[in-house]
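Below is one structure, written out as structure tokens, with a few remarks after it.
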Amino acid sequence: MSVIGKIVTLLRGSARELGESIVDANGVRIYEQEIRDARDAIAQAKNNLTGVMAKEMQSAREIERVRAETARLENLAIEALDKGKPDLAEEVAAKVAEQEAELEKQTQLHTDYTQQSNRLKDLIKASEAKIREHEREVQMAKATESVYKATQSISENIVASGSKLVSAKESLERIKKRHEDQADRMTAADTLDQELGTKALELRLAKAGIGEDIHRKEKVMERIRARHEAAAADKV
């Protein structure tokens, strides 16, 4: 292969890779646009379907008209025979034959419209179901892509700021230790107050049955009983 041929091949390969990378980078967006295009196509198909269904209804009405006209002409032919007009009856019979031919034509046309209408309905239903499936896939792809981006961002931030995280963790550990030290000091102070301070004296007095609060509950109960007895006496 000549040098120019190799260069052309290289350029073609590079262009393909570039194109694929662009498509991959915008895959979800392209997919969504294709779904919108498909929905537009279905909307157009529905519009065409309404036209076919209209023709189907029109042909049904035409069939009823031709049948009615055929029946009318046959009655006229019978009436002509009754009045001894065979030539006139034959002329009417020719018209009946034309109407029957028209009836066959309209019946076939109606059948064609009905079949076409049913095919379009089935195709539209299948297409809409497929589009809904694609829409679910797009939502899943978008959610998955978001998770991947978030995970990648977290990983990159952790790698980029590893030393900062270590420093922050060490700072948290120091704060935790300082809080534990403060809690231990408060507990020690309370223990010391119970052993040596005012609280210790109050505890010893309470154990000895000395102090204002020792018999407070008994005094309150005595007062309540007295009020109860007085109220009972008043009722008597």
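The values are calculated or read from the model by the stated rules, or taken from the named source; none is laboratory data. For clarity, every value in this text was computed on a predicted model and none was experimentally measured. Quick reminder, even Gly has a Cβ in these numbers, built from the backbone with ideal geometry, and neighbours come from all protein chains shown.
Test residue 45 against the stated conditions and say whether it is at pLDDT below 90 and surrounded by 11 or more Cβ atoms within 10 Å (Cβ to Cβ).
Values: at pLDDT below 90: yes; surrounded by 11 or more Cβ atoms within 10 Å (Cβ to Cβ): yes.
For residue 45, the condition - at pLDDT below 90 and surrounded by 11 or more Cβ atoms within 10 Å (Cβ to Cβ) - is met.
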Residue within the stretch 114-124 that is free of Cβ contacts under 8 Å to residues at least 24 places away in the same chain, over 30 Å from residue 35 (Cα atoms) and assigned to a helix (DSSP H, G or I) present: no
Test for residue 19: is it surrounded by 13 or more Cβ atoms within 10 Å (Cβ to Cβ) and at pLDDT below 80: no
Failed item, numbered, when residue 84 is tested on (1) part of a helix (DSSP H, G or I); (2) surrounded by fewer than 13 Cβ atoms within 10 Å (Cβ to Cβ); (3) not charged (D, E, K, R): (1)
Matching residues in the stretch 74-103 - criterion: being among the aliphatic types (A, V, I, L, M) and more than 21 Å from residue 64 (Cβ to Cβ): 78, 80, 81, 88, 89, 93, 94
Positions within the stretch 93-117 being surrounded by 15 or more Cβ atoms within 10 Å (Cβ to Cβ) and of a type in the set (S, T, N, Q), in sequence order: 99, 106, 107, 114, 116, 117
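Would you mind stating whether residue 129 is modelled with pLDDT of 80 or more, within 30 Å of residue 35 (Cα to Cα) and either in the same structural domain as residue 38 (by TED's automatic domain parsing) or not in a helix (DSSP H, G or I) (or both)?
On the way: modelled with pLDDT of 80 or more: yes; within 30 Å of residue 35 (Cα to Cα): yes; either in the same structural domain as residue 38 (by TED's automatic domain parsing) or not in a helix (DSSP H, G or I) (or both): yes.
So residue 129 fits the description; yes.
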